[in-house]
Amino acid sequence: DAGITQSPRHKVTETGTPVTLRCHQTENHRYMYWYRQDPGHGLRLIHYSYGVKDTDKGEVSDGYSVSRSKTEDFLLTLESATSSQTSVYFCAIQLASYNEQFFGPGTRLTVL
Amino acid sequence: AQSVTQLDSHVSVSEGTPVLLRCNYSSSYSPSLFWYVQHPNKGLQLLLKYTSAATLVKGINGFEAEFKKSETSFHLTKPSAHMSDAAEYFCVVSDPNTGNQFYFGTGTSLTVIP
């Protein structure tokens, strides 16, 4: 699992509430990613980070923000959750350019 | 723009028979290509990767894939299916021009019939 943990693993929340998901890695990798997985869409990139305080948007970034204040933690925040953000969220790390990504166990988020 | 098309959303095979999961990609440059597997309620595990070395790539659990540039394909095969191969499989292309972002296919669900 390349030392990647995600918390919480499951969360149920209500529309309009803020939600923060945490990804933690133990091996000092530079690149970290947040994806969401929905049926029929595969995984889609939300945001990624290429270093501390260096982040960029992915394909489906609307409604999400991220922060990376230290190498090991990459946080994904839904400022005001909506039902369309019900999904499974995966964090990933990449060892270096051109290398494979390793994925965390996922967080299942349900927004009622 | 980079994209990946997995030609079959569902594949069903009998145990002991060959597996073929098809993937076509679109890329402006020489891509890196990957196959990942996801078992039910689990994370993604790398099966194999192509990064411009040998065009026939061998992966874990007896899987292999062949990169065919002329056909823009990267099909995944296994000679003999096992019950434990039942899972969702994702073909992925990595684009060096967009920070090596991963672009996922929509997945192929493999069912293995005993």
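The charge dipole of chain A, taken about the Cα centre with unit charges on the Cβ atoms of Lys, Arg (+1) and Asp, Glu (-1), comes to about 140 debye, rounded to the nearest 20. Cross-link check: pairs A:LYS53/B:LYS68; A:LYS57/B:LYS49; A:LYS11/B:LYS68; A:LYS70/B:LYS42 evaluated at a Cα-Cα cut-off of 32 Å; pairs beyond the cut-off: A:LYS53/B:LYS68; A:LYS11/B:LYS68.
Note on A:35-45: average number of Cβ atoms from other chains within 10 Å of each residue's Cβ is 5. The mean sequence separation of alpha-carbon pairs under 8 Å and at least six residues apart, normalised by the residue count of the range B:17-77, gives a relative contact order of 37 percent.
Dividing the mean sequence gap of close Cα pairs (under 8 Å, 6+ apart) by how many residues chain A holds gives a relative contact order of 36 percent.
When you filter the chymotrypsin sites (Phe, Trp or Tyr not before Pro) in the range A:66-112 for DSSP loop state and at most 15 other Cβ atoms inside 10 Å of their Cβ, you are left with A:TYR98. Dipole magnitude for the protein assembly as shown: computed about the Cα centre from +1 point charges on Lys and Arg Cβ and -1 point charges on Asp and Glu Cβ, it is near 200 debye. For the range A:1-31 versus the range A:61-112, the inter-centroid distance based on Cα atoms is 6 Å. In a DSSP loop and with at most 16 other Cβ atoms within 10 Å, the chymotrypsin sites (Phe, Trp or Tyr not before Pro) in the range B:19-58 are B:TYR29.
A straight chain from A:HIS10 to A:LYS70 at 0.36 nm per residue would run longer than the Cα-Cα distance by 19.2 nm.
Counting partner chain Cβ atoms within 10 Å of every residue's Cβ in B:29-40, what's the average? That average works out to 1. Amide hydrogen proximity for B:SER32: with H placed 1.01 Å from N in the peptide plane, the residues at 5 or more positions away or on another chain lying under 5 Å are B:SER94. Evaluating kT/(6 pi eta Rh) at 25 °C and 0.890 mPa s, with the Kirkwood radius of chain B over Cα pairs in the Stokes-Einstein relation, gives 174 µm² s⁻¹. Considering chain A, its Cα convex hull presents a mean projected area of 6.4 nm². Note on chain B: dipole from Cβ charges, positive end direction compared against B:LEU21, B:PRO114, B:VAL11; the farthest Cα belongs to B:LEU21. Note on B:LEU56 and B:THR5: their simple-model spin labels are 2.7 nm apart, each label 7 Å out from Cα toward Cβ.
Sorting A:ASP62, B:ASP85, B:ASP8, A:ASP54 from the fewest to the most surrounding beta carbons within 10 angstrom yields A:ASP62, A:ASP54, B:ASP8, B:ASP85. For chain B, relative contact order (Cα pairs under 8 Å, six or more residues apart, normalised by length) works out to 37 percent.
Restricted to Cα atoms, the range A:47-90 shows a radius of gyration and a Dmax of 11.0, 31 angstrom.
In plain terms, if you count all Cα to Cα distances in the protein assembly as shown and split them into 5 Å steps from zero, the share in each step is 1, 7, 15, 18, 19, 16, 12, 7, 4, 1, 0 percent.
Taking N as the residue count of the range A:59-112, its C-alpha radius of gyration divided by 2.2 N^0.38 Å amounts to 1.29. The mean number of partner chain beta-carbon atoms within 10 angstrom of a residue's beta-carbon across peptide A:52-58 is 1.
Values in this text are rule-based calculations from the coordinates and carry no lab data. Computed from a predicted model, the values in this text were never measured in an experiment. Here Cβ is always computed from backbone atoms with ideal geometry, including for glycine, and neighbour counts include all displayed protein chains.
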